[in-house]
Amino acid sequence: DTNYLGQVIENLLDNAIKFSPNGGCVVVRAAAADDARTTVVVSVCDQGIGLAADQLESIFQRFYQVDGSMTRPFGGLGIGLALCREIIEGHGGRMWAESPGPGCGSTLYFTLPAAPPGGEPAE
């Protein structure tokens, strides 16, 4: 569903911009993930606040906030990434995050089955 996949991209870009410093760079890449070109991998990389190793899975839990304090500088409900992962998994893909650590930015990835030539989705 292109509308849902568009929402995933929009959410990932919104988060990357929100958590990056002013003037920070956000890089989006898409490429074949395998030699057979049956899977596409998309990544959104930012120069933001980064994540500790123990947060890499937690960010996909509903209502999870990296900074759960009442004075946190970033808004949001903590449901965006949980919904993104559900959408991606519902389309036969997977989603994960990587980060060198706090203060070092992060990259969110997802894979999807590639459409065969002619544009029809794979069954």
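The figures follow:
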read-out: Amide H partners (placed H, <5 Å) of Ala33, local residues excluded; value: Thr39, Val40, Val41
read-out: Two-site label geometry, Val28 and His91: point separation in nm, points 7 Å out along Cα→Cβ; value: 1.2
read-out: Heavy atoms of Ile17 accessible to a 1.4 Å probe, total area in Å² rounded to 10; value: 110
read-out: Gain upon complete extension [Gln55, Ala115; 0.36 nm per residue less C-alpha separation]; value: 18.4 nm
read-out: Qualifying trypsin sites (Lys or Arg not before Pro) for the stretch 1-42 [loop in DSSP, other Cβ within 10 Å: at most 10]; value: none
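The values are calculated or read from the model by the stated rules, or taken from the named source; none is laboratory data. Computed from a prediction, not measured in an experiment: that's the story for all the values here. So basically every Cβ, Gly included, is an ideal-geometry build from the backbone, and we count neighbours across all protein chains shown. Heads up: the accessible areas ignore ligands, DNA and RNA and are worked out on the full protein's heavy atoms, side chains in. Shrake-Rupley method; radii C 1.70, N 1.55, O 1.52, S 1.80 Å.
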